[in-house]
Amino acid sequence: MDRRTFLAATGAAGAAGLFDPAMAAAADSRRFPQGFLWGAATAGHQIEGNNVASDVWLLEQVKPTLFAEPSGDAGNGFALWPGDLDLVHALGLNTYRFSLEWARIEPEPGQFSLAMLDHYQAIVEGCRARNLTPVVTFNHFTTPRWFAAQGGWTHPDSPARFARFCDRAARHLAAGIGYATTLNEPNTVAIMQEVFPPPMLAAARAMNAAAARACNAAHFANAVVPDPGDIAVLQENLVAGHRQGRAAIKAVRGDLPVGVSLAVSDDQAEGPGSLRDARRKAFYEPWLTVAREDDFLGVQNYARARWNDRGLVPPLAGAPRNAMGQEIYPASLAGAVRHAHAVSGVPILVTEHGVGTPDDAVRAAFIPASLAPLRAAMADGVPVLGYIHWSLIDNFEWIFGYGPKFGLCSLDRTTFERRPKPSAGVLGAIARRNGLD
Ligand code: BGC
């Protein structure tokens with residue numbers, strides 16, 4: 001299918017008119033606007049398996065490593081993607097978010113693989129064939145090993161290298177994409193410095209040094225678990241990378257909505273002199289300001305954070321917790337979305353939201369409990385284009401390995417069988433009704 005046919009078939013939205021506020025305000029408060037995107041997300045490295053030319057594959061193997069276990073075959077999503085798209089469709093969703101693996105498409109600097117571009121093109125077309133809107137993340141944390149071995153995002157040429165990749169990928173794929181994001185959570189590198197305890201920062205430094213030795217490189221830098229000394233320059237180059245990547249994609253297809261996905265917690269002020277606003281200024285404002293230039297902003301929320309005048313306030317005794325010990329607080333999604341829109345001024349697409357728990361009943365209750373406040377924010381005029389749950393399938397959760405379970409579907413790591421959990425039915429029913437009840 002050529003680009004023109006795709007556009008005609010999908011009515012792809014341009015920058016303007018992505019959201020009709022009158023429609024959201026007027027409609028029944030339990031229903032969502034027509035055309036609302038309901039989806040599930042995955043990311044290449046976490047689901048595909050055998051992403052051997054990537055930086056993270058190496059980090060999983062070196063000693064010392066912060067990774068609990070190697071990613072290995074992951075969910076074998078590289079081979080099994082058609083079944084995954086069938087699953088998204090069968091659940092009643094209309095949107096699938098996935099990412100491109102830069103290391104597969106450009107395994108050596110400047111050498112682009114047509115076969116791999118065709119692979120991702122088949123996924124885009126597979127989405128369209130099932131009436132799923134493809135939301136494509138051009139880079140979800142992992143970079144090619146050669147890129148990391150040349151200093152990764154600390155290298156002055158890194159934004160241009162990323163833009164060259166975006167240009168090549170967009171020329172192959174952009175016609176069929178519904179929404180594109182350049183980078184996934186590039187704002188977390190700064191947050192890590194604050195939330196990682198000092199021994200973990202030291203371990204990150206040691207792991208990156210081991211990877212540098214393995215590649216005979218002077219400096220190995222990655223964006224998943226960065227060396228703390230790299231953080232300031234990483235931030236600067238990631239911002240430039242987003243801008244140049246977006247320009248490259250827009251140059252190929254100007255009417256494709258392009259944004260960036262940010263990790264946004266619902267920061268709340270507790271008592272007088274709360275550090276909340278200072279934290280927002282340091283961690284969110286720079287990126288939310290950059291997002292003003294975009295067509296939309298991807299918001300990814302997992303928690304709230306309460307700040308008093310000394311720092312983070314621990315969850316109340318007895319508050320429900322997820323598997324990582326964080327409080328489960330459904331209203332955080334709407335809080336994060338309201339703030340992100342207030343500062344950025346652009347429409348919001350929830351590109352991730354979920355809960356890591358082995359108890360799927362928690363997830364099944366969490367989804368509608370989070371969507372009701374989100375709908376209320378929309379009634380107040382916050383433009384929200386859609387809701388994409390993290391994740392479609394239990395997967396490789398970075399340094400935590402396969403322990404945390406975020407999936408709407410389980411994964412059998414021997415047979416690769418995916419099995420929908422009850423929460424998948426809950427989200428699917430909401431999507432089919434386009435309403436909470
Ligand atoms: C990331 C995902 C990750 C999820 C759950 C997000 O920060 O984008 O890659 O799996 O959180 O931990």
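Full-extension gain between Ala202 and Ala90, please, as 0.36 nm times their residue separation minus the C-alpha to C-alpha distance.
Numbers: separation 112, 0.36 × 112 = 40.32 nm, distance 4.55 nm.
Gain on stretching Ala202 to Ala90: 35.8 nm.
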### Near-label residues of segment 312-347 by backbone N, under 11 Å of a point 7 Å along Cα→Cβ of Ala369
319-322, 328-332
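Just the number please: accessible area per residue for the chain, 1.4 Å probe, all protein chains included, in Å². Walk me through the numbers on the way to the answer.
On the way: 15790 Å² over 437 residues.
Accessible area per residue, the chain: 36 Å².
Given a 1.4 Å probe and heavy atoms of the protein chains only, how would you sort His89, His119, His242, His155, largest accessible area at the top? Could you put the intermediate results ahead of the total?
On the way: His89 95, His119 25, His242 0, His155 50 Å².
Ranking His89, His119, His242, His155 by accessible area, largest first, yields His89, His155, His119, His242.
Please compute the length gained on full extension between Arg321 and Glu69, using 0.36 nm multiplied by the number of residues separating them and subtracting their Cα-Cα distance. Before the final figure, lay out the partial values.
On the way: separation 252, 0.36 × 252 = 90.72 nm, distance 2.42 nm.
Gain in length upon complete extension: 88.3 nm.
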### Task
Taking the Cα centre of the chain as origin, sum charge times position over the Cβ atoms of Lys and Arg (+1) and Asp and Glu (-1), and report the length of that vector in debye to the nearest 20.
420
### Task
Could you list which residues have their amide H under 5 Å from that of Ser54, counting only those 5 or more apart in sequence or on another chain, with H placed in the peptide plane?
Arg145
### Task
Take peptides 191-198, 259-266 and line them up by average Cβ neighbours within 10 Å, highest first, as a rough protection proxy.
259-266, 191-198
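In percent, what relative contact order does segment 45-433 have, based on Cα pairs under 8 Å that are 6 or more apart in sequence?
Working: 776 pairs, mean separation 63.2, N = 389.
After rounding, I find 16 percent.
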### Task
Please work out the Cα center distance from segment 85-140 to segment 198-268, rounded to the nearest Å.
21
### Query
In square angstrom, rounded to the nearest 10, how much accessible surface does Arg419 have for a 1.4 Å probe?
140
### Task
Provide the three semi-axes, in whole Å and in decreasing order, of the ellipsoid equivalent to segment 336-437 as defined by the square roots of 5 times the Cα gyration tensor eigenvalues.
27, 16, 11
## Note on the structure
The Cα extents of segment 349-388 along the principal axes, largest first and rounded to whole Å, are 35, 17, 9
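Given N residues in segment 22-128, what is its alpha carbon radius of gyration divided by 2.2 N^0.38 Å? Kindly include the intermediate steps, with their values, before the conclusion.
Numbers: Rg = 18.0 Å, N = 107, 2.2 N^0.38 = 13.0 Å.
Expressed relative to 2.2 N^0.38 Å, the Cα Rg reads 1.38.
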### Query
Can you list residues whose amide H is under 5 Å from Gly386's amide H, if they're 5+ apart or on another chain and H is modeled 1.01 Å from N?
Leu37, Val350
### Query
Given only helices, namely DSSP H runs of n ≥ 4 each adding -39500 (n - 2.57), what is the per-residue ellipticity at 222 nm of the chain, to the nearest 500 deg cm²/dmol?
-12500 deg cm²/dmol
### Message
Once the convex hull of the alpha carbons of the chain is built, what does its volume come to per residue, in cubic angstrom?
### Response
131
### Query
Helix hunt in the chain: which complete DSSP H runs extend at least 30 Å axially by C-alpha with mean Kyte-Doolittle at least -1.0?
231-252
### Query
Can you tell which of Leu371, Phe19, Asn50 lies farthest toward the positive end of the dipole of the chain, using +1 and -1 charges on the Cβ of basic and acidic side chains (Lys, Arg; Asp, Glu)?
Phe19
### Message
Would any residue of segment 165-204 have its amide N under 19 Å from a label point 7 Å out along Cα→Cβ of Ala129? List them or say none.
### Response
173-178
### Message
Let me cross-check Glu236: its accessible surface, 1.4 Å probe, with only protein heavy atoms counted, in Å² to the nearest 10?
### Response
130
### Query
Counting pairs of Cα atoms in segment 99-166, how many percent are more than 18 Å apart?
40
### Query
Along segment 396-405, what does the Karplus equation 6.51 cos²θ - 1.76 cosθ + 1.60 (θ = phi - 60°) give for ³J(HN,Hα), rounded to whole Hz, x for Gly and Pro?
7, 8, 6, 5, 7, x, 8, x, x, 10
#### Entry: Cα lying deepest toward the dipole's positive end in the chain, options Ser113, Ser423, Asn308, charges on Cβ
Ser423
### Summary
Note, Asp437: beta-carbon cut-off 15 Å, +1 each Lys/Arg, -1 each Asp/Glu, net +4
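Of all the C-alpha pairs in segment 265-356, what % are more than 23 Å from each other?
On the way: 1125 of 4186 pairs.
Looking at segment 265-356, the distances longer than 23 Å represent 27 percent of pairs.
When the accessible area of the chain is computed with all protein chains present and a 1.4 Å probe, what percentage of it is carbon and sulfur?
Details: 8820 of 15790 Å².
So the carbon and sulfur contribution to the accessible surface is 56 percent.
The values are calculated or read from the model by the stated rules, or taken from the named source; none is laboratory data. Given the structure is predicted, the values throughout are model-derived calculations rather than measurements. As a convention, Cβ positions derive from the backbone with ideal geometry for all residues, glycine included, and neighbour counts pool all protein chains shown. Surface areas here come from the heavy atoms of the whole protein model, side chains and all, with no ligands, DNA or RNA. Shrake-Rupley method; radii C 1.70, N 1.55, O 1.52, S 1.80 Å.
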